[in-house]
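Please read the structure below before turning to the comments.
The values are calculated or read from the model by the stated rules, or taken from the named source; none is laboratory data. Note that the structure is predicted; figures quoted are calculated from it, not measured. Using ideal geometry, Cβ is built from the backbone for each residue, glycine included, and neighbour counts are taken over all protein chains shown.
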Amino acid sequence: MSRHIDTYVDTHCHLYWESFAEDLPQVLARAREAGVMRMIIPATDFASFDQAAAIAEAHEGIFLAVGFHPHDAANAPVDLGAALTAKAAHPLVVAIGEIGLDYHYDFSTPAEQHHVLRTQLEVARALGLPVILHNRESDADLLDIVREQQDGSLRGQFHCFSSDAAYARQVLDAGFHLSFTGNVTFKKSVLDPVLSYVPDDRLLIETDAPFMAPVPHRGRRSEPAMIPLVARRFAAARHQSVAHIAKITTRNAEALFTLDRKNGHGPA
Ligand SMILES: [Zn+2]
Ligand SMILES: [Zn+2]
């Protein structure tokens with residue numbers, strides 16, 4: 001008999017990042033050892049998508065999202081709608097992402113970001129795919145744009161959620177899921193009340209690797225094997241067991257990204 005471990009889906013990890021180039025097989029082995037059996041790699045542009053696709057094709061249980069991150073909005077092709085639709089035909093693509101707004105950095109102007117975001121939301125709706133949304137210092141505009149695009153069919157993940165409970169309410173009302181990273185474990189985190197506010201069926205877990213490493217790894221490279229540390233904080237804030245957190249976040253990831261119908265390529 002094998003020992004029981006809780007299993008997870010890391011819904012957001014950038015495994016194509018340069019810092020994983022040296023030891024990706026060990027990173028994936030540690031993930032499985034920690035119960036993180038499936039992972040979603042969101043791209044930030046087409047070049048990173050191609051790198052992510054090569055990883056997903058070579059390893060089991062890895063899924064993809066394709067899109068232009070707000071930082072890269074200025075580099076999106078003029079025929080973004082058609083080009084994104086073509087990329088999204090890859091059989092391991094489960095979402096359009098990561099897309100969104102970021103007003104902290106000005107790698108792309110707000111006008112460029114809005115245009116590129118709208119185009120990608122339209123593609124997601126046309127293809128019936130969920131979206132993975134990045135939001136930094138852009139609460140109001142991001143919510144405005146997703147509401148404007150919401151025709152009842154749009155679903156998705158507000159990834160690395162770090163806003164307050166009032167905003168969480170609006171995001172939930174707009175039909176979206178909330179996802180939290182290792183930042184919930186930081187000493188100064190004020191996210192416990194938000195964590196405990198999210199209903200069981202809208203909660204997702206992620207590392208955002210290589211960023212946002214949970215305590216006690218803060219400041220170092222984050223990796224999917226650290227998911228249980230994030231889950232422990234979820235459990236404490238929500239007064240639920242870690243096993244329950246593993247169960248609901250896995251179920252939600254399977255449902256939102258229809259992972260149940262896709263088992264990943266890779267060697268068995
Ligand atoms: Zn992000
Ligand atoms: Zn990301």
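Summary table below
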| read-out | value |
| --- | --- |
| Residues being over 19 Å from the mean Cα position of the chain (by Cα) and either within 16 Å of ligand 1 (Cβ to nearest atom) or assigned to a strand (DSSP E or B) (or both) - total across segment 1-18 | 0 |
| Considering residues of segment 31-48 that are outside any loop (DSSP other than H, G, I, E, B) and within 15 Å of ligand 1 (Cβ to nearest atom) only, the residue nearest to residue 232 (Cα to Cα) | 40 |
| Of all residues in segment 49-71 being outside any helix (DSSP H, G or I) and within 16 Å of ligand 1 (Cβ to nearest atom), the one that is farthest from the chain's Cα centre (by Cα) | 68 |
| Output for segment 135-150, where each listed residue is within 16 Å of ligand 2 (Cβ to nearest atom) and outside any loop (DSSP other than H, G, I, E, B) | 135, 136, 142 |
| Residues of segment 112-153 satisfying the condition of being within 12 Å of ligand 1 (Cβ to nearest atom) and of a type in the set (Ser, Thr, Tyr) | 138 |
| Residues being over 17 Å from the mean Cα position of the chain (by Cα) and at positive phi - total across segment 220-259 | 1 |
| Enumeration of residues in segment 70-80 that are touching a strand residue (DSSP E or B) at 6+ places or on another chain (Cβ under 7 Å) and surrounded by fewer than 24 Cβ atoms within 10 Å (Cβ to Cβ) | 71 |
| Segment 125-146 residues that are of a type in the set (D, E, K, R), paired with ones that are within 16 Å of ligand 2 (Cβ to nearest atom) and part of a strand (DSSP E or B) (beta carbon under 6 Å, 6 or more apart) | 136/102; 141/101 |
| Pick from segment 173-188, criterion out of contact with any Lys or Arg (no Cβ under 8 Å at 6 or more places or on another chain) and surrounded by fewer than 23 Cβ atoms within 10 Å (Cβ to Cβ), ranking: modelled with the highest pLDDT | 173 |
| Qualifying residue in segment 206-213 (condition: more than 20 Å from residue 33 (Cβ to Cβ), surrounded by fewer than 21 Cβ atoms within 10 Å (Cβ to Cβ) and not β-branched (Val, Ile, Thr)) | yes |
| Hits in segment 154-175 - residues which are among the aromatic types (Phe, Trp, Tyr) and more than 15 Å from ligand 1 (Cβ to nearest atom) | 167 |
| Qualifying residues in segment 72-102 (those that are more than 19 Å from the chain's Cα centre (by Cα) and closer than 25 Å to residue 137 by Cβ) - the one farthest from ligand 1 (Cβ to nearest atom) | 80 |
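Residues are listed down the side, and each one gets a yes or a no for (1) over 18 Å from residue 179 (Cα atoms); (2) surrounded by 15 or more Cβ atoms within 10 Å (Cβ to Cβ); (3) among the polar types (S, T, N, Q):
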{"residue": "25", "(1), (2), (3)": "yes, no, no"}
{"residue": "42", "(1), (2), (3)": "no, yes, no"}
{"residue": "82", "(1), (2), (3)": "yes, no, no"}
{"residue": "112", "(1), (2), (3)": "yes, yes, no"}
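Okay, residues lined up against (1) within 26 Å of residue 205 (Cβ to Cβ); (2) within 16 Å of ligand 2 (Cβ to nearest atom):
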| site | (1), (2) |
| --- | --- |
| 84 | no, no |
| 90 | yes, no |
| 110 | no, no |
| 118 | no, no |
| 121 | yes, no |
| 133 | yes, yes |
| 152 | no, no |
